[in-house]
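Working notes, beginning with the structure itself.
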Amino acid sequence: MDAALLTKFINETKIIVRPKRLLAGYGPTNIRYHLVSAIDEMQNKTRLRVGSVVSQRPLILTPEALKERFEGFGEESHEMARWLDDQYRDLLRALEYKFHNRDYQARVLQDNPLTVIGSVREDLRTRCVPDAVIIRCPDAAWSLALMKFTLDEAARSFSSHVRSYEEHGLFHPGSNVERRQQHEIEKLFAQAASDQDVRAALGRKLKEYGLFGHYEDRFLSLFR
């Protein structure tokens, strides 16, 4: 797809309502989206796409993470994703962000886009939904609009994630899978001291990571 056309689509995309909270740094974030698009060949009709973008916990970037960053964003999204990767190169090579599009649905409404936006906005206000977004975008570029939005949210959350990871000793060139696993295990040990349910989760995690033998004496001491 031509870069000039992609840029045109981006310029025609507007964020009407943005989530109030940043992406989570130590767990997944679920953002409910509403994409509103005029249908060029159908006057006074609007396509409304809804679903959830799930942002997984960001990790220190690995080379494998560059291969598949977006899942479930439509058959034509791969070329758009490559273009966005180039635009957001610095962000995407610092932390590993992965996004999944889930529960996608689309329907045509007998109203113009402004009316649909007003109805969706009022519904979100009435239900007090903090993690929701309304985006007006070209009908042919819904996946581009959604992917760019997720990257913009990652950029908005980036500095707080880096600061938190630095405080926990995770964000530096020596960080690796083993270090992240060790941090997770230590956190579970701290919780397991006073929570029996966490002990079972800790045992499963130690076996999953192949670390049970290394931590066996310490783990068993929780039950004495």
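Please treat every number below as a calculation from the coordinates, not as lab data. Because the structure is predicted, anything quoted here is derived from the model rather than measured. With ideal geometry, Cβ positions are generated from the backbone for all residues, glycine too; neighbour counts draw on all protein chains shown.
Remarks
- Gain on full stretching of the segment that runs from VAL50 to THR7 - 0.36 nm per residue minus C-alpha separation: 13.1 nm
- Computed lengthening from SER119 to ARG102, 0.36 nm per intervening residue step minus Cα-Cα distance: 3.9 nm
- Applied to the stretch 205-214, the Karplus parametrisation 6.51 cos²θ - 1.76 cosθ + 1.60 on θ = phi - 60° returns per-residue 3J(HN,Hα) values of 5, 4, 5, 4, 8, x, 10, 4, x, 5 Hz, with x for Gly and Pro.
- Net charge dipole, the stretch 177-223: roughly 100 debye, given to the nearest 20, about the Cα centre with Cβ charges of +1 for Lys and Arg and -1 for Asp and Glu.
- Annotation: the residues TRP83, TRP142, sorted from fewest to most other C-beta atoms within 10 Å of their own C-beta, follow the order TRP83, TRP142.
- Gain on full extension, evaluated as 0.36 nm per residue between ALA140 and GLU178 minus their Cα-Cα distance, stands at 9.4 nm.
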